[in-house]
Amino acid sequence: LALPSEELAEFARVRPFMLPSVSLEFYELTYAGKQPLDELSTYMFRIRPRRLSRSHLYFEGVIWVEDRDFAIVKTYGRWVSEVEQQTGFEPFVFFETIRENVQGKSWFPSFIRSDESLKSEDGPVRIRLTIRYTNYRTGVAPAPGPPPR
């Protein structure tokens, strides 16, 4: 499936949820238990914004935090605001993000996925959006000269 460049630009705006410590004051976290995730042992938290805003999107959903590094390794949820917004990703609303440990240093998004259904005359049609992140390199400066082809 080939998409026009303007639609590809919209998908570039799909962002994984990050929770830096300075943003904690904007969220309410509720412990939901401990759960294995692949080979990891994780803590699950429900997360929702304390207040909604007209000008800012906040994450609402569930996060899985690795029990040794305390890094977010998975999220599932949606972006919300005070007003209903057209995100440009319809019909995709809920997004799952899986992170991987890169070179034993940091957890980076591996992929973002969303599964939805479209109504059609023949019944619902399931569709999936997957955005993959690859080729992470840490501590490597870009090579001088023209970009690789």
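Worth pointing out:
- Note on surface exposure: Arg132, Arg99 rank Arg132, Arg99 by accessible area, highest first, 1.4 Å probe.
- Residues of type lysines that Lys34 reaches as a straight line, Cα spacing below 21 Å, ignoring anything fewer than 8 places off in the same chain: Lys74
- Of the whole protein surface, Phe70 contributes about 140 Å² of accessible area at a 1.4 Å probe radius.
- Residue-wise HN-Hα coupling along region 60-75, computed from phi with Karplus coefficients 6.51, -1.76, 1.60 (Hz; x: Gly, Pro): 9, x, 10, 10, 10, 10, 5, 7, 9, 8, 6, 9, 6, 10, 7, 9
- Amide H contacts under 5 Å for Leu37, placed H, 5+ residues apart: Thr42
- Modelled FRET efficiency - R0 25 Å, Lys105 with Arg48, Cβ distances, 0.05 increments: 0.25
- Stretchable slack from Tyr76 to Ser23, in nm (0.36 nm times residue separation minus alpha-carbon distance): 17.3 nm
- Packing-based ranking, highest mean first, of 17-26, 37-46, 55-64, 119-128 given that Cβ atoms within 10 Å are counted: 55-64, 37-46, 17-26, 119-128
- Between Ile127 and Ala32, the contour length at 0.36 nm per residue exceeds the alpha carbon distance by 31.3 nm.
The values are calculated or read from the model by the stated rules, or taken from the named source; none is laboratory data. Just so it is clear, the model here is predicted, and its values are computed rather than measured. Every residue, glycine among them, receives a Cβ derived from its backbone with ideal geometry; neighbour counts consider all protein chains shown. Keep in mind that these areas ignore ligands, DNA and RNA; they rest on the heavy atoms of the full protein, side chains included. Shrake-Rupley method; radii C 1.70, N 1.55, O 1.52, S 1.80 Å.
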